[in-house]
Amino acid sequence: MIYDAVIIGAGPSGAHLSYLLTRSGMRVALVDQCAFPRDKLCGGMLTNKTLNTLSGYYPEDGLLCADVKRAHVFYEDSPALSLRLPSSAKVVRRYKFDTELVRASESLGTQTYYGSALSGIDFKAKEVYLRNGLVLR
């Protein structure tokens, strides 16, 4: 299988990059070791700068959960720190957010390989090896 770009990791950055490259006419493979949709705890907060960058690419319905103006940090079930954020942010459900980004990219023609962990990369040969035996060029 020959592609213009092979992206390893279908999180928000990888999925958005695959969307942009596919939209520009490139043949793109998006690889992730996990199956989608998936739940993920990290990275559920988006700043206004990120939201402005993504604006116009994806529907916002159902992705944003809440405005965040204050953050609370706990250590061993006890409050350790409370911070007022300098500007508001939005919290997303990573399950919905990641899935929406990936599906938007797939709808443009990105080929996805989920549950396929990376085995290695040969930069000279321009080949990506997956643990399931697939070779992407």
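Let me cross-check ARG70: its accessible surface, 1.4 Å probe, with only protein heavy atoms counted, in Å² to the nearest 10?
That residue has around 110 Å² of solvent-accessible surface.
Using a Cα-Cα cut-off of under 20 Å, which aspartates and glutamates could be cross-linked to LYS90, ignoring same-chain neighbours fewer than 8 residues away?
ASP39, GLU60, ASP61, ASP67, ASP98, GLU100
Under the Karplus relation 6.51 cos²θ - 1.76 cosθ + 1.60, θ = phi - 60°, what is the ordered set of whole-Hz ³J(HN,Hα) values for the stretch 13-24, x standing for Gly and Pro?
Couplings: 5, x, 5, 5, 4, 5, 4, 5, 5, 5, 4, 7 Hz.
Nearest 500 deg cm²/dmol is fine: what mean residue ellipticity at 222 nm does the chain get from its DSSP H runs of n ≥ 4 alone, each adding -39,500 (n - 2.57), divided by its residue count?
So the calculated ellipticity at 222 nm is -7500 deg cm²/dmol.
Of the beta bridges DSSP finds with both residues in the chain, what % are antiparallel, to the nearest 5?
Close to 70 percent.
For the stretch 71-81, just list the computed ³J(HN,Hα) in residue order, Karplus coefficients 6.51, -1.76 and 1.60, θ = phi - 60°, integers in Hz, with x standing in for Gly and Pro.
10, 10, 10, 10, 10, 6, 6, 10, x, 10, 7
Between GLU127 and residues 5 or more places away or on another chain, which pairs have amide H atoms under 5 Å apart, with H built 1.01 Å from N, and which residues are they?
It is ASP122, by chain and number.
Near the amide H of ILE7, under 5 Å away, which other amide H atoms are found, from residues 5 or more places off or on another chain, if H is placed in the peptide plane?
ALA29, LEU30, VAL31
Going by accessible area, probe 1.4 Å, with all protein chains left in place, what is the ranking of SER88, SER13, SER105, largest first?
SER13, SER88, SER105
What stretch of the chain, leaving out the sites themselves, is the longest with no chymotrypsin sites (Phe, Trp or Tyr not before Pro) in a DSSP loop having at most 15 other Cβ atoms within 10 Å?
58-122
At 7 Å along Cα-to-Cβ for each site, give me the label-to-label distance between LYS96 and PHE123 in nm.
Here the modelled spin labels are 4.1 nm apart.
Assuming R0 = 30 Å, can you tell me the calculated FRET efficiency for the pair ARG131 and LEU108, based on Cβ-Cβ distance, to the nearest 0.05?
0.65
Tilt of helix 94-108 relative to the longest C-alpha principal axis of the chain, in degrees (0 to 90, nearest 10)?
The helix 94-108 is inclined about 30 degrees to the chain.
Pairs of alpha-carbon atoms within less than 8 angstrom and 6+ residues apart define the contacts here; what relative contact order does the chain have, in percent?
So the answer I get is 33 percent.
The values are calculated or read from the model by the stated rules, or taken from the named source; none is laboratory data. What you are looking at is a predicted structure, and each value in this text was computed from that prediction instead of being measured. So basically every Cβ, Gly included, is an ideal-geometry build from the backbone, and we count neighbours across all protein chains shown. Areas reflect the complete protein model, heavy atoms only, side chains present, ligands, DNA and RNA absent. Shrake-Rupley method; radii C 1.70, N 1.55, O 1.52, S 1.80 Å.
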